[in-house]
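For reference, the structure is listed below as structure tokens.
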Amino acid sequence: MRQKIQNIDKGILFMLLASLCFAFMGGFAKVLSQSIPAVEITFFRNLVGVLMIGATLWRFPLKQKGGRPFLLFFRGLIGFLALLAYFYIMAHIPLGEAVTYNKTSPIFGAIFAYIFLREKLPRSAVLAVLVGFVGIVLIAKPEGLSLDKYDLLGIFSGVGAALAYTSIRELRHYYDTRSIVLSFMVVGTIAPVLLMLAAPSLQSDELDFLFAPFVMPSKIEWILIAGVGLFATLSQYLMTRAYELTKAGIVGTISYSNIVFSLFIGTMLGDPLPDFWTFLGIILVILSGLLVALPKNRQP
């Protein structure tokens, strides 16, 4: 029992630190996104991570049984696409709103866990989905029944993150934490290179979040790139450890501190404060996540 409590405490601490690091990463990335394409930011963010995590393999070899390579690749691919969408939208909308879209992942995660992991879907989760989508509508403020590209990519960043987190729940039984993190970062390093190489022939306004030519960073941008990579790698590792040590419901609840951190950092960078309806939407998204998480917290 005492060991279980200690694991919960570590999981909460890891998630708080991960949320703070993720918010700092978002701040660095938002500044970069004004001049550097999202796909390039994604490349550098993951390249730094590959070098940092890869360096640990020399001294501490992997200890794992493996056996799920396709799921490991899927985790890397969907995580990369979700991150690419996240980096792209933060150039066009306030950081706090971008993070809130990404934090819809627990809503979708509850559905995916029900489908793929056969976890129970409590009634509160059904209510959470309804509350969460109302929150999304208030943030997006769609004209008629249509959402713009930034809203759609924001929602996708949440869906993709949910799929990635759900896969971690299964992969943790087969792979070292570093392997799970590297699956994401290796795919997120190779794929952007291919997309940037293909950009000259496939570039368009509709697909500019995928295909964009390489832009040589300036000296200050190299420093920002290093900041993105450092804080992103720390966040990814701490988040993965949190999900391994503690119930998803507890970790999911604590992860909403990320929105608070990001709203503060975004405001410091010049983002406007959310209006009443946007703020209400953010609150509803947080509430929906808590409705999903709290029943899991009460499970033995």
ask   = Among the residues of segment 158-174, is any touching a Leu at 6+ places or on another chain (Cβ under 6 Å), surrounded by 23 or more Cβ atoms within 10 Å (Cβ to Cβ), modelled with pLDDT of 90 or more and within 30 Å of Asp275 (Cα to Cα)?
value = yes
message = Let me spell it out: the conditions are (1) over 22 Å from Ala113 (Cβ atoms); (2) at pLDDT below 90, and Gln236 meets all of them except one. Which number is the exception?
response = (1)
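Could you identify the single residue in Phe209, Phe279, Phe231 that is assigned to a helix (DSSP H, G or I), closer than 26 Å to Ile168 by Cβ, out of contact with any His (no Cβ under 7 Å at 6 or more places or on another chain) and of a type in the set (Phe, Trp, Tyr)?
Details: Phe209 fails: assigned to a helix (DSSP H, G or I); Phe279 fails: closer than 26 Å to Ile168 by Cβ.
Just a single option satisfies the conditions, and that option is Phe231.
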key: Close pairs (7 angstrom Cβ cut-off, 6 or more residues apart or separate chains): closer than 21 Å to Met216 by Cα in segment 172-200, at pLDDT below 95 and of a type in the set (S, T, N, Q) anywhere   = Gly188/Thr42; Gly188/Asn46; Thr189/Asn46; Pro192/Thr42
ask   = Within segment 181-198, is there a residue that is buried (at least 17 other Cβ atoms within 10 Å of the Cβ), hydroxyl-bearing (Ser, Thr, Tyr) and part of a helix (DSSP H, G or I)?
value = yes
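Counting residues that are under 19 Å from Phe24 (Cβ atoms) and of a type outside the set (Phe, Trp, Tyr), which helices (runs of 4 or more DSSP H) fully inside segment 36-139 reach at least 1?
On the way: elements: 38-59, 69-89, 95-102, 105-116.
Here the list reads 38-59, 69-89, 95-102.
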query = What number goes with the only condition from (1) surrounded by 22 or more Cβ atoms within 10 Å (Cβ to Cβ); (2) under 18 Å from the mean Cα position of the chain (by Cα) that Arg178 does not pass?
reply = (1)
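Quick check on this structure: which one of Asp176, Asp275, Asp208, Asp271 is farther than 27 Å from Leu16 by Cα and out of contact with any strand residue (DSSP E or B) (no Cβ under 6 Å at 6 or more places or on another chain)? Please lay out each step first, then the result.
On the way: Asp176 fails: farther than 27 Å from Leu16 by Cα; Asp275 fails: farther than 27 Å from Leu16 by Cα; Asp271 fails: farther than 27 Å from Leu16 by Cα.
Residue meeting the stated conditions: Asp208.
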ask   = Going through segment 236-249 one residue at a time, which ones are buried (at least 23 other Cβ atoms within 10 Å of the Cβ), part of a helix (DSSP H, G or I) and of a type in the set (S, T, N, Q)?
value = Gln236
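May I ask you to say which residue of Ile36, Ile107 is aliphatic (A, V, I, L, M), over 23 Å from Val251 (Cα atoms), crowded, with 22+ Cβ neighbours inside 10 Å and in contact with a helix residue (DSSP H, G or I) (Cβ under 9 Å, 6 or more places away or on another chain)?
Values: Ile107 fails: over 23 Å from Val251 (Cα atoms).
Exactly one residue qualifies, and that residue is Ile36.
For every residue, the table says whether it meets (1) among the small types (Gly, Ala, Ser); (2) on the phi < 0 side of the Ramachandran plot; (3) modelled with pLDDT of 90 or more.
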residue: Leu245; (1), (2), (3): no, yes, no
residue: Gly249; (1), (2), (3): yes, yes, no
residue: Ile259; (1), (2), (3): no, yes, yes
residue: Phe264; (1), (2), (3): no, yes, yes
residue: Gly270; (1), (2), (3): yes, no, yes
residue: Phe279; (1), (2), (3): no, yes, yes
residue: Ile282; (1), (2), (3): no, yes, yes
residue: Val292; (1), (2), (3): no, yes, no
Enumeration of residues in segment 62-80 that are more than 10 Å from Ala164 (Cα to Cα) and either loosely packed, with under 10 Cβ neighbours inside 10 Å or of a type in the set (Val, Ile, Thr) (or both) = Lys63, Lys65, Phe70
task = Six or more apart or on different chains, Cβ under 8 Å: which pairs go from a residue in segment 122-137 that's of a type in the set (Ser, Thr, Tyr) to one that's surrounded by fewer than 19 Cβ atoms within 10 Å (Cβ to Cβ) and assigned to a helix (DSSP H, G or I)? Could you list them?
result = Ser124/Leu294; Ser124/Pro295
task = Please go through segment 250-285 and pick out each residue that is free of Cβ contacts under 8 Å to residues at least 60 places away in the same chain and surrounded by 20 or more Cβ atoms within 10 Å (Cβ to Cβ).
result = Thr253
inquiry  = Tell me the residue from Gly54, Gly66, Gly26 that is on the phi > 0 side of the Ramachandran plot and modelled with pLDDT under 95, please.
reply    = Gly66
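From the list Gly266, Gly229, Gly270, which residue is more than 25 Å from Ser124 (Cβ to Cβ) and more than 19 Å from the chain's Cα centre (by Cα)?
Numbers: Gly266 fails: more than 19 Å from the chain's Cα centre (by Cα); Gly229 fails: more than 19 Å from the chain's Cα centre (by Cα).
None of the others qualify; the one that does is Gly270.
The values are calculated or read from the model by the stated rules, or taken from the named source; none is laboratory data. Keep in mind it's a predicted model, so treat the numbers as computed, not measured. Reconstructed Cβ throughout: ideal geometry from the backbone, glycine too, with neighbour counts over all protein chains shown.
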